[in-house]
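Here's the structure, in structure tokens; my notes come after.
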Amino acid sequence: MSHPITVYIADDHQIVLKGITSVIQLDPDLEMVGCTTDSKKIIEEVCRIKPRVLVLDMVMPDIPGVEIIRSIRQMRSLQTRVIVFTMHKDIGYVAQALQEGAHGFVVKDVDTAYLIEGIKTIIHGEQYLSPPFTQHQIKRYLKQLQSGKDKEDVLERLTRREREVLIFVAQGVTNNEIAHNLGISVRTVERHRYNMMKKAKFRSEADVTQFAMRRGLIT
Amino acid sequence: MESEFHPSTGRSNSSSGGANHDECQQLKREITALKAELNRLSRIEQQHAEQTAFLQQLISLLPMGIAVHTNGIVTFVNPACIAILNAESADEILGKSAMGFVHPDSREAAQKRIQTLFTAKTVKSTPVAPYAEEKFLRMDGVPIDVEVAAFPVVQPDDDMSVMVLFRDITEQKRQQHLLLEREARFHQLISLLPDATIIHKAGHIIFANDMARRLLKLDAADDALSHSVFDYLHPDEHEKVRRRIQKIMQTGKPLPPENEYLIRSNGETFLAETMAFPFEENGEKAVLIVFRDITERDKMLKALEKSESRFRTLAELLPALVFLVGEDGKLLYINASSQTILGFTPEESRNIDYRPFLHPDFLKDDHLTQYLDIGEHAHYELQVKNKVGQWRWIDVTYTRTIMDDALVGLGVAVDTTWRKETEAILKRQAQKLIKAYEDERGRIARELHDEVGQQLIGMKFALEAAQRFTDSDASQSAIQDARQILADLTENVRELSLSFRPSQLDDLGLLPTLLWHFDRYTSRTGIQVQFSHPDFNNQRFSQAVEITAYRIIQESLTNVARHAQVDRASVTIQASHDRIHITIQDDGVGFNPEEVMNARASSGLSGMKERVELMGGKLEIHSPPGQGSVISATIPLFEN
């Protein structure tokens with residue numbers, strides 16, 4: 001067998017650290033080459049020891065996990081892949097970690113076998129997600145982040161500026177004042193206004209005000 | 001005597017008769033005398049004819065109508081008469097009855113006139129009937145007023161002839177009538193004037209209207225016309241009035257109003273405002289005086305003075321700042337208490353332009369030029385700078401009113417700096433309290449999540465290890481049970497921690513937290529959440545904003561689950577450059593906002609409302625029964 005996979009473990013809880021360490025040490029393909037509970041030490045140690053895998057708790061005091069992931073990613077020379085091992089089960093954390101450059105995400109309360117599996121998967125460059133996460137979930141979540149689900153929504157059809165102008169018009173603010181407020185020319189305001197009315201099929205200012213009140217955009 | 005042949009007689013004269021000669025001489029003398037007499041008579045006749053002709057011409061030319069009637073029949077008319085009687089020619093009038101041309105109303109008088117003429121019956125009589133005014137009738141029946149005089153005319157045959165001279169005075173009479181009417185109206189006018197009017201000549205009253213009589217308390221019998229003006233003037237005024245009368249007479253110009261003390265006929269004195277005008281009555285110089293009793297006005301002015309002095313006293317005593325400002329913006333009055341607030345003495349305050357001492361925000365809003373109705377109150381809260389440059393908060397109640405016939409602004413201001421500072425302190429404390437509350441929850445959440453949670457993980461590892469090193473099936477099974485319980489426990493602890501405060505809020509932001517929350521909410525309540533967030537792509541805001549927004553949505557959705565009886569709700573977040581709008585809507589049965597707000601006073605929606613308002617935002621609930629409900633909130637992103 002070739003070299004065992006070198007693993008560095010970072011977790012601010014001693015108990016957890018011990019637990020992970022013993023699990024890793026049980027596996028002949030893995031070798032723990034270092035660990036710490038202090039987030040400030042991670043980068044330094046990783047740069048020195050150059051493990052192939054970093055098992056990282058996302059939420060450690062002092063330096064946030066995302067920052068550590070980002071730093072490691074930025075160091076091209078470092079081949080270390082990061083697998084996040086955390087309590088957090090929210091898809092948001094997964095998306096964030098993967099976006100920052102982590103290769104794997106494993107929750108702590110599933111069987112530790114998943115962690116082992118994860119470590120062995122990511123050294124090949126693949127992404128690894130432990131249950132209950134799936135790539136589909138991540139895609140869905142990212143899409144949700146982008147915009148609201150409701151494509152039918154009038155507001156969604158408008159551009160940002162048009163939405164801003166909508167709120168002003170609903171309040172009866174004159175074009176001059178809108179221009180002054182937004183720092184654009186009156187002609188531009190008129191254009192946005194026209195487009196807004198057209199896209200939303202408003203027939204009068206009263207329509208705009210009514211809509212805005214219904215949607216709680218003005219009170 | 002020689003005899004001579006006188007051809008005239010044709011007889012030869014012989015000496016036959018010395019007596020014939022005397023008779024002839026006598027005849028000659030008589031004939032000569034007769035001739036002379038004839039000549040004289042013919043001369044007289046000629047003169048008479050000339051005179052008659054002259055008279056006739058005169059009569060013809062005279063503009064007066066001249067007619068002669070004999071025994072009642074018109075025998076002569078002159079051209080003027082024809083014209084006045086509107087006839088075409090003399091023939092229309094001659095031969096007719098004279099009385100026919102006299103108006104029935106005047107006939108009796110005319111008859112009488114003629115009678116009196118003939119009772120006198122002397123040739124040399126001057127017209128016994130002087131000019132009288134009567135009515136005649138013209139040819140066309142139109143009555144005319146005439147001035148008429150009549151003479152008896154002696155005729156040879158002793159007939160009763162009367163020469164009538166008359167003049168058409170219709171126009172003259174009409175003018176006279178008009179003049180009388182005008183005069184009557186003038187007097188009537190003066191009588192009706194609400195101002196007392198008196199006309200006097202050199203002090204003697206010749207006219208007093210009703211009002212004057214009333215003011216001077218003259219009873220009906222009392223004829224002021226026998227009095228002098230001075231009888232109605234207070235002795236102290238006499239000298240002054242004499243001078244005034246003189247001045248009017250000299251200059252012929254009216255005098256400006258003066259206040260004088262007059263005396264009524266019952267001895268009462270009263271204050272009057274009098275105006276004197278030069279006047280003419282019947283061609284003589286007089287003075288027209290118009291006066292009115294100003295005792296009431298005087299009383300009111302004194303009362304006003306008193307009230308103003310009371311106002312001043314009150315204004316000075318009030319511990320508040322009282323000021324009066326004129327139309328032009330100048331400070332007319334400011335009380336002494338103002339010094340406590342502003343540091344300037346009232347004198348100093350009046351002389352400075354106060355605009356630089358008003359806060360720019362207040363001036364920016366154009367309050368100073370806002371229109372206010374008289375009596376309408378406006379209320380302002382603004383900051384003013386005092387003498388040492390400190391900004392103080394004042395509450396001003398302001399109104400416009402009339403003082404001394406001018407429009408002024410009246411304001412009362414109270415220093416509310418202390419109150420505002422207290423309010424600010426309270427607000428900060430409330431905010432701190434909320435922060436402490438949230439922080440505490442966060443702390444608990446973290447403790448549970450990180451400490452307890454991690455310990456549970458540690459236990460998991462331990463059990464896993466134990467499982468690995470156990471051979472016995474019984475142990476395996478027991479450990480497996482333990483692991484199951486542990487897993488449940490871990491999950492519960494996580495849920496508990498997240499319910500206190502989701503860690504995502506700090507780590508990931510509002511949007512991911514909401515997405516997580518909606519998932520959880522739907523799986524617990526079965527209510528679908530339609531989420532729309534235009535212009536909001538997970539920008540990060542301050543912790544206070546994010547936590548408040550989250551709590552509002554959390555609380556509102558809880559409310560929906562509790563009351564609305566629906567299976568769908570929608571949430572919208574709209575972010576603009578300085579605020580976010582949140583709407584939570586459902587189409588359910590609606591609820592009574594007051595009930596809900598009051599039920600859970602310290603938390604829940606009313607608590608939300610307070611929290612939002614502390615941040616300078618708004619929260620409103622529209623929930624008509626049966627029409628669903630909309631909860632809308634606005635949270636400013638930056639603290640003012």
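The values are calculated or read from the model by the stated rules, or taken from the named source; none is laboratory data. This is a predicted model, so every value here is computed, not measured. FYI the Cβ positions are ideal-geometry reconstructions off the backbone, even for glycines, and counts take in every protein chain you see.
Where helices (runs of 4 or more DSSP H) sit wholly within segment A:163-219, those with at least 1 residues that are under 25 Å from B:SER629 (Cα atoms) and either free of Cβ contacts under 8 Å to residues at least 12 places away in the same chain or not hydroxyl-bearing (Ser, Thr, Tyr) (or both) occupy A:186-200, A:205-214. The residues on offer are B:LEU314, B:LEU332, B:LEU321, and the sole one that is surrounded by 12 or more Cβ atoms within 10 Å (Cβ to Cβ), under 23 Å from B:THR399 (Cβ atoms), aliphatic (A, V, I, L, M) and at pLDDT 85 or above is B:LEU321.
Yes or no, residue by residue, for (1) surrounded by fewer than 16 Cβ atoms within 10 Å (Cβ to Cβ); (2) away from chain B (no Cβ under 12 Å):
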| residue | (1), (2) |
| --- | --- |
| A:TYR128 | no, yes |
| A:PRO131 | yes, yes |
| A:THR134 | yes, yes |
| A:LEU142 | yes, no |
| A:ILE184 | no, yes |
| A:ARG187 | yes, yes |
| A:ARG191 | yes, yes |
| A:MET213 | no, no |
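Within this structure, B:VAL566 passes the test of being among the β-branched types (Val, Ile, Thr), surrounded by fewer than 19 Cβ atoms within 10 Å (Cβ to Cβ) and farther than 24 Å from A:ILE167 by Cβ. Where helices (runs of 4 or more DSSP H) fall entirely within segment B:455-527, those with at least 2 residues that are at pLDDT 85 or above and aliphatic (A, V, I, L, M) are at B:473-500, B:510-525.
Scan segment B:622-640 residue by residue and report those that are facing another protein chain (nearest Cβ under 10 Å) and either more than 50 Å from the chain's Cα centre (by Cα) or crowded, with 23+ Cβ neighbours inside 10 Å (or both). Across segment B:622-640, the qualifying residues are B:VAL630, B:ILE631, B:SER632, B:ALA633. Taken over segment A:55-79, the residue count meeting the criterion of being more than 23 Å from B:LEU505 (Cα to Cα) and either crowded, with 20+ Cβ neighbours inside 10 Å or of a type in the set (A, V, I, L, M, F, W, C) (or both) is 4.
When segment A:3-52 is filtered for residues that are within 12 Å of chain B (Cβ to nearest Cβ) and within 26 Å of the chain's Cα centre (by Cα), the ones remaining, listed by number, are A:ASP11, A:ASP12, A:HIS13, A:VAL16, A:LEU17, A:ILE20, A:THR37.
The number of residues in segment B:241-279 that are assigned to a helix (DSSP H, G or I) and surrounded by 12 or more Cβ atoms within 10 Å (Cβ to Cβ) comes to 7.
Could you please give the count of residues in segment B:517-535 that are of a type in the set (Ser, Thr, Tyr) and within 10 Å of another protein chain (Cβ to nearest Cβ)?
Qualifying residue count, segment B:517-535: 1.
Considering segment B:483-516, the residues that are among the charged types (D, E, K, R) and under 22 Å from B:ALA465 (Cα atoms) include one that is nearest to the other protein chains (Cβ to nearest Cβ), namely B:GLU491.
Go through the residues of segment A:91-113 one by one and say whether even a single one is over 23 Å from the mean Cα position of the chain (by Cα), assigned to a loop (DSSP other than H, G, I, E, B) and away from every other protein chain (no Cβ under 14 Å). Looking for residues that are over 23 Å from the mean Cα position of the chain (by Cα), assigned to a loop (DSSP other than H, G, I, E, B) and away from every other protein chain (no Cβ under 14 Å), one finds none in segment A:91-113, hence no.
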